[in-house]
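Student: Dropping a structure here in structure tokens format, bear with me for questions.
The values are calculated or read from the model by the stated rules, or taken from the named source; none is laboratory data. No experiment lies behind these values; they were computed from the predicted model shown. Cβ placement follows ideal geometry from the backbone for every residue including glycine, while neighbour counts extend to all protein chains displayed. Side chains are part of the model used for accessible areas, which takes the heavy atoms of the whole protein and leaves out ligands, DNA and RNA. Shrake-Rupley method; radii C 1.70, N 1.55, O 1.52, S 1.80 Å.
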Amino acid sequence: MKQVLIMSSVHPWNDTRIFHREAISLANAGYEVTLYAMESNRTYHHEISNLTVKTLSKTSKRKRFQTWWTFFNIARKSSASIIHLHDPELLPLGYILQIFHKKQVVFDMHEDFPAVLKSKKIARYPIAKPFLHLATYLEKRMLQKVSAIVFAEAYYKENYRDVSTVQVDVYNYPFLQQPVSAEKYEIPTLIYAGAIHEIRGFKEMLEVARLLKKTGYTFQLLIIGQVPARLETYATNFQRKYDLKQEVTLVGRLDLSELMMYYAKSHIGLALLHPVDNYLRSLPTKIFEYMSVSLPYILSDFEVYRELVKKTASGIVVDAQKPQEITKQIQLLLNNPERQKYLGDNGYIHHQTMFNWSTQERRLIELYQSIWEEK
């Protein structure tokens, strides 16, 4: 059987893109898939034929090299011909495996690497430009040698027009959903799921909750995802100060099936990202998940986001750093159930016709078939 290794030193094993979409799709297509990734609060029970999951304990950034070395040795000794990598820090391993060990390496680009690098800081200082130039130069040199690059967003490849490696777009669209029949929560519910960070609107969401309560609205805000300790402390203090314990719930990380049910029972989805380079042109996966369960949403007012809203009539754009503006739009939706239904229905129609995983799964399988045929 055709063997594949999928590896991530950053993401949990049950990451939506890595496990639920790509790994399962490849296993269902007949590949024998082994996934190495970080441990999670869930355990895999070998429910999928041809799919094995191996987890590693999380380590500090200073000890991450130990994980890289472990992955390298596993991949080097493995009889798998295709190695699918998911993190920029693993790209050097992929380069060595391709050049010196004759593996076929697929590199999966989840983020705009140059933009992410520009936003990073070392000891509170931005990374020096010479280092940025060196890092992007080396990245391109290594990508030039792998078998294929998979882009989670179309615009990422604009940085790699001078790289001749096979390039394929495989977007993070959700699985095709049947119309949802789940009953909504009894009280109006706002929901956010994903990475938790200041630049992803965490503090603005809490401030929106404060403003809604201040104006007399009955509601709940569900924030789903792993909350960093500093923000968990901030949220606890904020809830105590403004008496929001009943209104705001930090749910923690959920597996995909649980998450979709939370979405389906909610009333308005939130995606309040700040205008940093890595977000300005990268549509959040959660927006397509909202659409798949007919959930209207409030979204940052960036050009690409605005175009999506205009095209689909499925949500509302706002200045994500102005809680009062966000609150006003939420109030308008809460006061108008017909408008909620109109936006939600439009989103679901576009999910059925365009924004679902079946369209992307075909691209992934076709890429693997082409790599295998060239072996």
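Student: Among (1) part of a loop (DSSP other than H, G, I, E, B); (2) closer than 25 Å to Ser119 by Cα; (3) at pLDDT 95 or above; (4) open to solvent by less than 60 Å² (accessible area, probe 1.4 Å), where does Ser294 come up short?
Tutor: Result: Ser294 passes all but (2).
Student: How many of the residues in the range 217-274 are closer than 18 Å to Asn172 by Cα, of a type in the set (Gly, Ala, Ser) and touching a strand residue (DSSP E or B) at 6+ places or on another chain (Cβ under 8 Å)?
Tutor: 3
Student: Hey, can you tell me all the residues within the range 1-32 that are of a type outside the set (A, V, I, L, M), assigned to a helix (DSSP H, G or I) and in contact (Cβ under 8 Å) with a residue 60 or more places away in the chain?
Tutor: Thr16, Arg17, His20, Arg21, Glu22, Ser25
Student: What pairs come out if I take residues in the range 237-256 that are assigned to a helix (DSSP H, G or I) and pair them with residues that are of a type outside the set (Lys, Arg) and open to solvent by 30 Å² or more (accessible area, probe 1.4 Å) whose C-beta lies under 6 Å away, six or more apart or interchain?
Tutor: Leu256/Thr16
Student: Please state which one of Tyr171, Tyr155, Tyr217 is in contact (Cβ under 8 Å) with a residue 60 or more places away in the chain, more than 28 Å from Met261 (Cα to Cα) and outside any strand (DSSP E or B).
Tutor: Selected residue: Tyr155, the only one of Tyr171, Tyr155, Tyr217 that is in contact (Cβ under 8 Å) with a residue 60 or more places away in the chain, more than 28 Å from Met261 (Cα to Cα) and outside any strand (DSSP E or B).
Student: Got a number for residues in the range 306-324 being under 18 Å from Met291 (Cα atoms) and either in a loop (DSSP other than H, G, I, E, B) or open to solvent by 90 Å² or more (accessible area, probe 1.4 Å) (or both)?
Tutor: Of the residues in that region, 6 qualify.
Student: Residue under question is Gln331, and the condition is that it be within 30 Å of Lys103 (Cα to Cα), assigned to a helix (DSSP H, G or I), open to solvent by less than 60 Å² (accessible area, probe 1.4 Å) and touching a residue at least 60 places away in the same chain (Cβ under 8 Å); does it hold?
Tutor: no
Student: Only one residue in Glu303, Glu361, Glu373 is of a type in the set (D, E, K, R), out of contact with any strand residue (DSSP E or B) (no Cβ under 7 Å at 6 or more places or on another chain), farther than 28 Å from Glu198 by Cβ and at pLDDT 95 or above, so which one is that?
Tutor: Being of a type in the set (D, E, K, R), out of contact with any strand residue (DSSP E or B) (no Cβ under 7 Å at 6 or more places or on another chain), farther than 28 Å from Glu198 by Cβ and at pLDDT 95 or above holds for just one of Glu303, Glu361, Glu373, which is Glu361.
Student: For residues that are of a type in the set (Asp, Glu) and surrounded by 13 or more Cβ atoms within 10 Å (Cβ to Cβ), scanning just the range 345-370, find the one that is farthest from Ile149 (Cα to Cα).
Tutor: Asp345
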